[in-house]
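Single-structure report; data block below.
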Amino acid sequence: MSLTRRSAVALGLLMPLALAGCSAEEGGGAQAEGLGALGKVTPLALSHATQFSLDAYEGGFRLASLASGDRLLVVPEGAEPPAGLPADVAVIRQPLANVYLVSTGMICLVDAIGALDAIGVSSVRAEDSPVPAFTERLEDGTITYGGLYRAPDYELITAKGCPLAIENTNIDHVPEVRAKLEELGVTVLMEQSSREEDMLGRLEWIKLMGTLFDREDEAAEVFDNVATRVAEAAAEGPLGRSVAFFYVNEDGAAVTRRNGDYFCQMIEAAGGEYVSFAEEGATDSSPTTVTVEMERFYEGARDADVIIYNGTIDDGVTSLEELVEKNALLADFRAVRNGDVWTCDANLYQQITSMADIILDLRAALSGSGEPAAFFWRLG
């Protein structure tokens with residue numbers, strides 16, 4: 001199985017994963033009887049992702065096992081699932097149509113494999129869509145807005161006959177929504193790409209999307225192409241320039257990415273040295289961020305060569321003047337004095353298939369070798 005024991009222990013998921021990773025031959029009783037009817041099982045290799053695994057069965061069947069403990073059997077067109085499947089195995093029948101897509105992080109992956117035609121309902125409005133082709137479908141009504149993840153339009157979802165909802169981990173905060181969707185006959189897949197430790201692990205969720213939408217070859221091609229380009233960009237080597245990446249929250253504190261986070265890895269792949277802050281002494285922290293008082297942020301980041309203001313969370317800033325208005329201490333940062341302050345596209349986190357281009361844009365900003373093409377711009 002792709003999930004390591006270390007990752008499972010760290011997430012407190014060892015027991016569910018031990019169950020999820022059992023093949024037909026390893027299981028016992030009713031579990032072996034149901035999946036065993038599918039014949040020989042072959043694990044599909046994943047190079048970076050740890051939060052899901054894929055097993056291939058004879059006849060085109062696929063079993064996806066997620067770190068949450070969920071398991072989904074993908075049934076090819078014209079086939080029937082075997083009798084006696086374990087109760088924890090949900091069935092997804094191909095071809096998929098009218099899928100309810102909630103996770104914005106999966107939009108670019110589904111687009112990259114050419115499967116947007118299978119999406120019928122979304123929790124994203126046209127003005128918030130991170131992918132032009134997805135925006136067009138929302139605007140022309142091909143895809144219908146179906147409410148936020150925490151308050152979906154159940155009548156619309158029922159009328160559309162949505163067989164599958166692709167959610168992100170926010171669905172864990174509203175278990176009653178998941179329960180209602182399942183009561184209506186909608187299979188819920190909670191994608192967990194945000195829990196991947198490796199930046200390419202996030203991208204590798206495209207292989208699960210490829211499995212769901214019968215686009216496995218397309219998914220493998222996209223992944224290999226982007227991974228190759230990322231390796232080539234990272235091979236350019238370090239630039240010796242330190243980078244602070246943050247935004248200022250409503251309390252006036254600096255919110256930074258946790259050291260080792262996938263975006264920090266991208267900064268390092270671009271040749272930068274990420275300025276990190278330990279969780280100790282932080283006012284707040286999450287699996288991906290560390291929040292520190294501005295005085296402490298000033299002490300740790302004032303000499304950073306480059307500042308990138310994270311415009312993906314709040315309204316962002318459009319000038320150095322607006323940045324300094326958030327806190328006067330920022331005026332004394334080296335990067336502010338030198339004019340090496342940048343901000344980023346609001347949809348940066350939803351563009352994982354553009355990882356190589358983001359890294360190249362970052363390198364251009366850090367090195368001064370040219371202007372970034374799409375994802376970052378300098379504040380004046």
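Numerical summary
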{"quantity": "Among L35, L109, L63, residue whose mean-square fluctuation peaks in a GNM of the chain (springs only between Cα atoms under 10 Å)", "calculated": "L35"}
{"quantity": "Protein accessible area in segment 216-339, 1.4 Å probe - carbon and sulfur %", "calculated": "41 percent"}
{"quantity": "Reachable lysines, given that their alpha-carbon falls under 18 Å from the alpha-carbon of K180 and they are not under 8 places away in the same chain", "calculated": "K160"}
{"quantity": "Karplus-derived HN-Hα couplings along segment 316-321 (A = 6.51, B = -1.76, C = 1.60, θ = phi - 60°), whole Hz, x at Gly and Pro", "calculated": "x, 9, 10, 7, 4, 4"}
{"quantity": "Eligible lysines near K326 by straight Cα distance, threshold 20 Å, same-chain separation 8 or greater", "calculated": "none"}
{"quantity": "Under Karplus coefficients 6.51, -1.76 and 1.60, residue-wise ³J(HN,Hα) of segment 136-145 in Hz, glycine/proline x", "calculated": "4, 5, 5, 6, 8, x, 4, 10, 9, 5"}
{"quantity": "Size of electric dipole in the chain: Cβ of Lys, Arg +1 and of Asp, Glu -1, about Cα centre, debye, nearest 20", "calculated": "500 debye"}
{"quantity": "Positive minus negative residues near A112 (Lys, Arg vs Asp, Glu; Cβ under 10 Å)", "calculated": "-2"}
{"quantity": "For segment 144-301: rounded, prolate or oblate by the Cα gyration tensor [a/c cutoff 1.5]", "calculated": "oblate"}
{"quantity": "Interchain or long-range residues, amide H under 5 Å from L239's placed H", "calculated": "G272"}
{"quantity": "Candidate lysines - alpha carbon under 30 Å from K40, same-chain residues fewer than 8 apart omitted", "calculated": "K207"}
{"quantity": "Helix-only mean residue ellipticity at 222 nm for the chain, each DSSP H run of n ≥ 4 adding -39500 (n - 2.57), per residue, nearest 500", "calculated": "-9000 deg cm²/dmol"}
{"quantity": "Whole-number percent relative contact order across segment 299-380, with pairs defined as alpha carbons under 8 Å at least 6 apart", "calculated": "34 percent"}
{"quantity": "Overall form of the chain per C-alpha gyration tensor (a/c, 1.5; a/b vs b/c)", "calculated": "prolate"}
{"quantity": "Antiparallel %, DSSP beta bridges [both residues in segment 251-380], to 5", "calculated": "75 percent"}
{"quantity": "The chain: most fluctuating residue of N310, N225, N168 per GNM, C-alpha cutoff 10 Å", "calculated": "N225"}
{"quantity": "Accessible area (Å², per residue) of segment 54-194, counting only protein heavy atoms and a probe of 1.4 Å", "calculated": "39 Å²"}
{"quantity": "Net +/- balance of residues flanking P372 in space, Cβ distance below 11 Å, scoring K and R +1, D and E -1", "calculated": "-2"}
{"quantity": "Beta bridges by DSSP in the chain, antiparallel share as percent, to the nearest 5", "calculated": "50 percent"}
{"quantity": "Over the chain, relative contact order from alpha-carbon pairs under 8 Å, at least 6 apart, %", "calculated": "12 percent"}
{"quantity": "Three-way shape label, segment 207-294, alpha-carbon gyration tensor, a/c 1.5", "calculated": "oblate"}
{"quantity": "In degrees, nearest ten, helix 355-367 long axis to first principal axis of the chain (Cα)", "calculated": "10 degrees"}
{"quantity": "Percentage relative contact order, segment 69-140, counting C-alpha pairs under 8 Å, at least six apart", "calculated": "25 percent"}
{"quantity": "Accessible area expressed per residue, segment 250-343, with surrounding protein chains retained (probe 1.4 Å, Å²)", "calculated": "45 Å²"}
{"quantity": "Packing rank of 87-95, 207-215, 340-348, where each peptide gets the mean count of other beta carbons within 10 Å, highest leading", "calculated": "207-215, 340-348, 87-95"}
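The values are calculated or read from the model by the stated rules, or taken from the named source; none is laboratory data. In this text, all values refer to a predicted model and were calculated from it rather than measured experimentally. Neighbour counts run over all protein chains shown; Cβ positions are idealised from the backbone, glycine included. Surface areas here come from the heavy atoms of the whole protein model, side chains and all, with no ligands, DNA or RNA. Shrake-Rupley method; radii C 1.70, N 1.55, O 1.52, S 1.80 Å.
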